[in-house]
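So the structure is just underneath, and the comments pick up after that.
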Amino acid sequence: MSEGPAPTPGTPGKPRTSPAPAAASCPVSGAGDGPVPALFSWEFASDPYPAYAWLREHAPVHRTTLPSGVEAWLVTRYADARQALADQRLSKNPVHHAEPGKTGIPGERSAGLMTHLLNIDPPDHTRLRRLVSKAFTPRRVAAFAPRVQELTDRLIDGFAGRGSADLIHEFAFPLPIYAICDMLGVPAEDQDDFRDWAGMMIRHGGGPRGGVARSVKKIRGYLAELIHRKRGDLGDDLISGLIRASDHGDHLTEAEAVAMCFVLLFAGFETTINLIGNGAYALLRHPEQRALLQSSLAAGETGLLETGVEELLRYDGPVELATWRYATTGLTIGGQPIPAGDPVLVVLAAADRDPDRFGAPDTLDLARKDNQHLGYGHGIHYCLGAPLARLEGQTALATLLTRLPDLRLGADPDELRWRGGLIMRGLRTLPVEFTPSAPRHGG
């Protein structure tokens, strides 16, 4: 819900879940052993990991043409990925790209939302991150835990008595939306509007940019008006904290405050949707691991839950590629020269299954130690909202497995579809079945 991950609309072009031709390829060092696997096809979306394994082995820094027509370098090995994520010669500012309008979140430029942490470099990034960190503190996240639990139970109450549900639309999607709205200080009567706008971004994320851009403009107008109201009536919410934040007399400007609220809202909600959705799906596909976690939770332990969520982030995380970076000068990654101006996309999903860094990388091991995955990025752009996402993921999965102990898939895995887009990885739906249970009336 912050830096590092960004919403699916960050990548234009056709939905990745529709069949598409293989991406065009350019010569790269280390390429060999047959043609490059087809990227961005429906089959690739369902399971990209074999293609990423091929790239790691044969073309670890690979230039390709994205569905939008933009050419970019894909970085797939763990060591190269860590280097690229921390390399300040790779700018986050789209002005360094020849076609900046084809990258980034649709509509953010026309809506005046460019001055947020995903689009800027030091020293502006340093100043803004310091100011935002004064408001978005670990203490604020920790104090929010009871509210996350309350929202989680309330959502489960909505379908617990029915014996079936779609975990994406009825649980994983609304939970982070309502949670971040509460934290920001969006009034309860306005939160369903946010849910509608967020839904439009999800539905149109991998396709035409117009639908997303309209949602972005609505959100921008609403946030500007809400921030204006709160300046005269500060509360104990994140927007009020952003308004109060100062550093040696330096405050967020109106435009910066709106842009920061926007990215805190939308750069995180889909990340957490996919963390919960992908995590639940992985547990349902690995009954032995799921049983270990349920036994641990029943014993009142939290250690396996904590390491387990980190492993789910590594194994099939919510963010497939880190957000856009642009070479400000010629540089070399993994032995491959990168010309100035070229976009670079770090493939987190590939790096986090690199056998040179992780033993048995294609195996889900909830007790995995030394799990320094890149799911929340690395370096100065490490995800600011990682503590909140972890809190929501741990709470959601633990409560699901405790309250619905015989949770099971309600559809054949081959029938499930993954959403379009390039940056994010998440299911469109996740049908489940379980023994009906009574709601908890205190939720």
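The values are calculated or read from the model by the stated rules, or taken from the named source; none is laboratory data. Everything numeric here is computed off the predicted structure, so don't read it as measured data. Neighbour counts are summed over all protein chains in view; Cβ atoms, including those assigned to glycine, are modelled from backbone coordinates with ideal geometry. These accessible areas exclude ligands, DNA and RNA; they are computed on the full protein's heavy atoms, side chains included. Shrake-Rupley method; radii C 1.70, N 1.55, O 1.52, S 1.80 Å.
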Any chance you could check the Cα centroid distance between the stretch 288-328 and the stretch 118-174 for me, in angstrom?
16 Å
When every protein chain stays in place and a 1.4 Å probe is rolled, V95, V432 sorted by accessible area with the largest first are V95, V432
Low-density loop GluC sites (Glu not before Pro), the stretch 281-377, at most 14 other Cβ within 10 Å, DSSP non-H/G/I/E/B, are E301
Please express the Cα-Cα pair-distance distribution P(r) of the stretch 277-342 as a list of whole percents, one per 5 Å bin, running from 0 to the bin with the greatest distance.
4, 14, 17, 15, 9, 7, 8, 9, 8, 6, 3, 0
Starting from a Cα-only point model with no solvent, please compute log10 I(q)/I(0) by Debye for the stretch 253-369 at q = 0.09, 0.21 1/Å.
-0.38, -1.14
Percent of accessible area on the stretch 273-386 owned by carbon and sulfur, 1.4 Å probe?
52 percent
With a 1.4 Å probe and every protein chain left in place, tell me how much accessible area H228 has, in Å² to the nearest 10.
130 Å²
What does the C-alpha gyration tensor say about the overall shape of the stretch 338-388? Classify as rounded when a/c is under 1.5, otherwise prolate if a/b is larger than b/c, or oblate.
oblate
The stretch 229-377: relative contact order as a whole-number percent, Cα under 8 Å and 6+ apart:
21 percent
For D233, the accessible surface traced by a 1.4 Å probe with all protein chains present amounts, in square angstrom to the nearest 10, to 120 Å²
